[in-house]
Amino acid sequence: MTKFELPERTKKFHVDVIKLCEHFAKNAAGFETAKQLIRSAGFVGANHRAACRGKSKADFIYKLEIVLEEADESLYWLQVSTEAELVPL
């Protein structure tokens, strides 16, 4: 993978999540879950870009750890969305 592929993939992930959330149930649970999912998916790409601008190796690693946390949170919201049947499969 080149250094240009991961920023594009994380941006595509965010865009894909936004498109998915358009199909969520139009109720309080759907809106709140979509909001959390969109936010965490966006932070994956945004924080990856920030990591690439790290001031040191330690700063880069720290920021990548945040990316991993946000990716894990996104996975959580995707799992909740599926189990709560907020989006048709």
Residue match in the stretch 42-62 (condition: within 16 Å of Val87 (Cβ to Cβ) and out of contact with any strand residue (DSSP E or B) (no Cβ under 9 Å at 6 or more places or on another chain)): no
Scope the stretch 29-72; condition surrounded by 15 or more Cβ atoms within 10 Å (Cβ to Cβ), more than 13 Å from His14 (Cβ to Cβ) and either touching a Ser or Thr at 6+ places or on another chain (Cβ under 6 Å) or of a type in the set (S, T, N, Q) (or both); matching residues: Thr33, Gln36
Single residue of the stretch 1-35 satisfying the filter (in contact with a Leu (Cβ under 7 Å, 6 or more places away or on another chain) and assigned to a loop (DSSP other than H, G, I, E, B)) that is nearest to Glu73 (Cα to Cα): Phe24
Residue that is farthest from Gly30 (Cα to Cα) [pool: residues in the stretch 65-89 that are hydroxyl-bearing (Ser, Thr, Tyr) and more than 9 Å from the chain's Cα centre (by Cα)]: Tyr76
Flag if Val87 is outside any helix (DSSP H, G or I), surrounded by 16 or more Cβ atoms within 10 Å (Cβ to Cβ) and not basic (Lys, Arg): yes
Any hit, the stretch 47-59, residues being in a helix (DSSP H, G or I), touching a His at 6+ places or on another chain (Cβ under 9 Å) and at negative phi: no
Members of the stretch 17-48 found to be among the charged types (D, E, K, R) and more than 13 Å from the chain's Cα centre (by Cα), listed by number: Glu22, Lys26, Glu32
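Quick note: the coordinates plus some simple rules give every number you see, no bench work behind them. Because the structure is a prediction, the values reported are computed rather than measured. Don't worry about glycine lacking a Cβ; one is built from the backbone with ideal geometry, like all the others, and counts go over all protein chains shown.
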